[in-house]
Structure formats: C-alpha cells, structure tokens
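Below: one structure, written as structure tokens.
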C-alpha cells in the first residue's frame, strides 16, 4: 500500500522525534505506520510500505509487542498474522515512562544507594552526595509523573478545544492554572 505524502511525512517525523528519545528510528517508523493507518497490517504490508527486510520487521514487531505498543491479531479465515498499534498516546507515554524508569533510573538509584558514604569531607564527597540526591530526586519525579498521568489525561480530555483553555489542574494538592 502506497502512503500519501502526509502519512509519509508523519512516519518520518515520528522516527526522527523518537530517535531523540533513544528509540530506534526503524522501531518508531513501524509504530508510526501502524498508528497512522489505524487498522491491522500484515508484516508483509509493513515491509513493503517501509522498504524493510522481513527479519528487521519481525524483530521490531516483537520489540514493540514487548512494550505493549503493538498487538498481534488475526483475521478469520486468513493464516497471516496482523498487527495494530496502541492508539491511546497517553497510555503509550505511560508505558514508555514506566519502561525507562525501570530500565534506567531504578537501576541507577540501586547502584548509587550502594555507594558507601565517604567519611572524609572534601569537595569530591560533597559533589558525590549532591549527585546521589539529584538522581534520587529525578527518579522520584518520574514516579510522581506516573501517578499524575491519569489525572492529566482526564483533564486534557475534558479541556476545551482551544489551546490552554484556562483549565485548572490539581498539582500536589494545589491548583495551578493551565495556559
């Protein structure tokens, strides 16, 4: 299936954007294709649209299924496997944040926690203590962000169509005006 120019530009843009997050451009493009198609596609159709090899597409699809960003499905009477994308981008963001927090930050926090406090007081020990606190703070911030994602999604979905819309969102028990 040949993609319209707007779809092709979206797929390319998604690939570039996601690569800045450390996600493979090819993985991002496969996800973006399934997202913009908004229908099930076979691996063969993905291969043809993105000019990728069967092995590459199969590996990418398994990776995306591990992330729960892509799901396998079947069409009655057909032997082919089909794939569809998770289209709720809030859920996609939540899954990615959880994954990277677990994969990177949580492991870093564990390693930093094992560092024994340096008994001598010098500039290096002070700097190490500050870095340790910053890493723990960033990890905590990601945890808080995960707690607030459902609230953010609910507020976003209820907000007026205008950007900002003056919607008030609760943040840490306080109310902060958006926009």
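The values are calculated or read from the model by the stated rules, or taken from the named source; none is laboratory data. Bear in mind that the values here come from a model prediction, so they are computed numbers and not experimental data. Don't worry about glycine lacking a Cβ; one is built from the backbone with ideal geometry, like all the others, and counts go over all protein chains shown.
When every residue of segment 106-120 is checked against the conditions, none turns out to be under 28 Å from residue 154 (Cβ atoms) and buried (at least 16 other Cβ atoms within 10 Å of the Cβ).
Scan segment 77-85 and give yes if some residue there is under 30 Å from residue 141 (Cα atoms) and part of a strand (DSSP E or B), otherwise no. Yes, the conditions are met somewhere in segment 77-85.
Would you confirm whether any residue within segment 63-77 is more than 13 Å from the chain's Cα centre (by Cα) and in contact (Cβ under 8 Å) with a residue 40 or more places away in the chain? No, every residue in segment 63-77 fails to be more than 13 Å from the chain's Cα centre (by Cα) and in contact (Cβ under 8 Å) with a residue 40 or more places away in the chain.
Residue-level analysis places residue 58 among those that are in contact with a helix residue (DSSP H, G or I) (Cβ under 9 Å, 6 or more places away or on another chain), modelled with pLDDT of 90 or more and surrounded by 14 or more Cβ atoms within 10 Å (Cβ to Cβ).
Checking the stated criteria, residue 78 turns out not to satisfy the condition of being at pLDDT 85 or above and surrounded by 15 or more Cβ atoms within 10 Å (Cβ to Cβ).
For residue 83, state whether it is surrounded by fewer than 18 Cβ atoms within 10 Å (Cβ to Cβ) and either closer than 26 Å to residue 154 by Cα or touching a helix residue (DSSP H, G or I) at 6+ places or on another chain (Cβ under 8 Å) (or both). No.
Results for (1) outside any loop (DSSP other than H, G, I, E, B); (2) surrounded by fewer than 18 Cβ atoms within 10 Å (Cβ to Cβ), shown as yes or no for each residue.
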position: 8; (1), (2): yes, yes
position: 11; (1), (2): yes, no
position: 17; (1), (2): yes, yes
position: 22; (1), (2): no, yes
position: 27; (1), (2): yes, no
position: 30; (1), (2): yes, no
position: 34; (1), (2): yes, no
position: 39; (1), (2): no, yes
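Kindly indicate whether residue 147 is at pLDDT 80 or above and either surrounded by 13 or more Cβ atoms within 10 Å (Cβ to Cβ) or out of contact with any strand residue (DSSP E or B) (no Cβ under 8 Å at 6 or more places or on another chain) (or both).
Details: at pLDDT 80 or above: yes; either surrounded by 13 or more Cβ atoms within 10 Å (Cβ to Cβ) or out of contact with any strand residue (DSSP E or B) (no Cβ under 8 Å at 6 or more places or on another chain) (or both): yes.
Judged against the criteria, residue 147 is a match.
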